[in-house]
Amino acid sequence: MSAAVTKDGGRPGEQGAAGGRTRRFPRLTRDTARPEGGGRAASGDAPAPARQWPVLTVVGVTGLGLLLTALDAFRVGTLLIGVALLTGAVLRWTLPSVGMLAVRSRFTDMLTYGVLGLAIVLLALMAQPHPWLEIPFLGDMLHFTVSGGDPATG
């Protein structure tokens with residue numbers, strides 16, 4: 001037994017208190033909602049690159065980092081990539097509209113950009129040979145997991 005559905009996705013006879021449409025979500029969605037902050041970062045009369053400057057900034061710094069990595073400046077290039085993602089998290093937090101930099105909710109975007117950026121920066125700082133950042137217990141953890149025993153006894 002199937003129930004009838006009106007044009008707006010509701011059931012026949014479902015009306016709000018004033019006789020208008022209900023505030024319920026329709027059963028069938030026809031579109032996707034724009035993420036919070038997903039509006040243009042500049043006014044509509046500005047040229048397209050100016051309207052999307054936050055995402056172009058992040059993509060530009062990431063591209064520069066990839067170029068430096070390809071040109072044998074591995075550590076500096078990967079640091080730039082991580083800094084670009086951290087910049088994206090800061091832009092997403094501070095600006096009300098960031099254009100295409102808004103992919104999901106503000107919290108999810110900030111968390112994703114921040115965690116990935118921080119992980120890339122830390123990995124770039126700990127890269128061998130001659131790491132700029134050494135975390136002593138990580139070597140012990142690696143030795144323990146690979147050898148399956150006590151790191152002190154080897």
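State which residue is nearest to the chain's Cα centre (by Cα) when the search covers only segment 58-96 and only residues that are buried (at least 18 other Cβ atoms within 10 Å of the Cβ) and free of Cβ contacts under 8 Å to residues at least 24 places away in the same chain.
Filtering segment 58-96 for residues that are buried (at least 18 other Cβ atoms within 10 Å of the Cβ) and free of Cβ contacts under 8 Å to residues at least 24 places away in the same chain, the one nearest to the chain's Cα centre (by Cα) comes out as 62.
Checking the structure you have, find out if any residue of segment 81-104 is part of a helix (DSSP H, G or I) and farther than 29 Å from residue 43 by Cα.
Yes, segment 81-104 contains at least one residue that is part of a helix (DSSP H, G or I) and farther than 29 Å from residue 43 by Cα.
The rows are residues; the columns are (1) closer than 24 Å to residue 39 by Cα; (2) at pLDDT 90 or above.
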position: 82; (1), (2): no, yes
position: 90; (1), (2): yes, yes
position: 96; (1), (2): yes, no
position: 109; (1), (2): yes, yes
position: 112; (1), (2): yes, yes
position: 121; (1), (2): no, yes
position: 148; (1), (2): no, no
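Can you say whether residue 138 is modelled with pLDDT under 85, part of a helix (DSSP H, G or I) and loosely packed, with under 14 Cβ neighbours inside 10 Å, as far as the supplied structure shows?
Yes: the conditions hold for residue 138.
Do we have any residue at all in segment 104-124 that's over 25 Å from the mean Cα position of the chain (by Cα) and either under 17 Å from residue 60 (Cα atoms) or in contact (Cβ under 8 Å) with a residue 40 or more places away in the chain (or both)?
Checking segment 104-124: not a single residue is over 25 Å from the mean Cα position of the chain (by Cα) and either under 17 Å from residue 60 (Cα atoms) or in contact (Cβ under 8 Å) with a residue 40 or more places away in the chain (or both).
Which ones in segment 55-80 are farther than 30 Å from residue 39 by Cβ, of a type in the set (A, V, I, L, M) and assigned to a helix (DSSP H, G or I)?
67, 68, 70, 76, 79
Check 52, 15 and return the single one that is modelled with pLDDT under 90 and surrounded by 18 or more Cβ atoms within 10 Å (Cβ to Cβ).
Of 52, 15, the one residue that is modelled with pLDDT under 90 and surrounded by 18 or more Cβ atoms within 10 Å (Cβ to Cβ) is 52.
The values are calculated or read from the model by the stated rules, or taken from the named source; none is laboratory data. A quick note: this is a predicted structure, and the numbers were derived from the prediction, not measured. All Cβ positions, glycine included, derive from the backbone under ideal geometry; neighbour counts span all protein chains shown.
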